[in-house]
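Scroll down for the structure; my scribbles are underneath it.
Just so it is clear, none of the values below were taken in a lab; they were calculated from the coordinates. Quick caveat, the model's predicted, so the values are computed rather than measured. In this analysis, Cβ positions are derived from the backbone assuming ideal geometry, glycine residues included, and neighbour counts consider all displayed protein chains.
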Amino acid sequence: MPSFSRTDIVLVRYPFSDLSGTKVRPAAVISAPHTSSDLLDSSSDLRVVPLTSRTTSWRPGEFVLSGWRAARLNVPSAVKRGVFTIAETLILKRGGTLAMSDTRTLEQSLRAWLAL
């Protein structure tokens, strides 16, 4: 089973809300899978934030990645507001990683979104 790290960029097979199909979209991993020697405690779920190529009309906390090329994204991309828990099996491919400056901005956005 592959292992993913915080700040990895991944391609995710997102299910439609009615489960009629899926679409492939990029996301940034914000937590690694839980690992434990206790099988009841281990999980292959990850928390991710979605990315989009729509780089205008943002909601508070959304921002364009300054390091989108280094993250191996094809086009300028922005972090969308939202945190999703996904099964590791929905990940199709690993890309690059977030730049340090984008990681700091994302951490600030998460604090604001979650009122931490």
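Using C-alpha pairs below 8 Å separated by at least 6 residues, the relative contact order for the chain is 27 percent. Only DSSP H runs of four or more residues enter the estimate; each adds -39500 (n - 2.57), and after division by the residues of the chain the mean residue ellipticity at 222 nm equals -4000 deg cm²/dmol. Couplings 3J(HN,Hα) for region 97-110, derived from phi with the Karplus relation 6.51 cos²θ - 1.76 cosθ + 1.60 (θ = phi - 60°), are 9, 5, 5, 4, 5, 5, 4, 4, 5, 5, 4, 5, 5, 4 Hz, where x marks Gly and Pro.
Ignoring the sites themselves, the chain has its longest run without chymotrypsin sites (Phe, Trp or Tyr not before Pro) in a DSSP loop having at most 16 other Cβ atoms within 10 Å at 59-116. Take the Cα of ARG6, step 7 Å along the line toward its Cβ, and report every residue of region 54-92 whose backbone nitrogen sits under 18 Å from that point. What the label zone holds, given the 18 Å backbone N cut-off, is 82-86. Listed by Cβ neighbour count within 10 Å, with the fewest neighbours leading, VAL12, VAL64 appear as VAL64, VAL12.
When mean projected area of the Cα convex hull in nm² is calculated for this entry, the matching label among [x] 7.3; [y] 8.3; [z] 13.4 is [y].
Compute the relative contact order of region 39-90 as a whole-number percentage, counting only Cα pairs closer than 8 Å that sit 6 or more residues apart in sequence.
Values: 74 pairs, mean separation 25.5, N = 52.
Relative contact order comes out at 49 percent.
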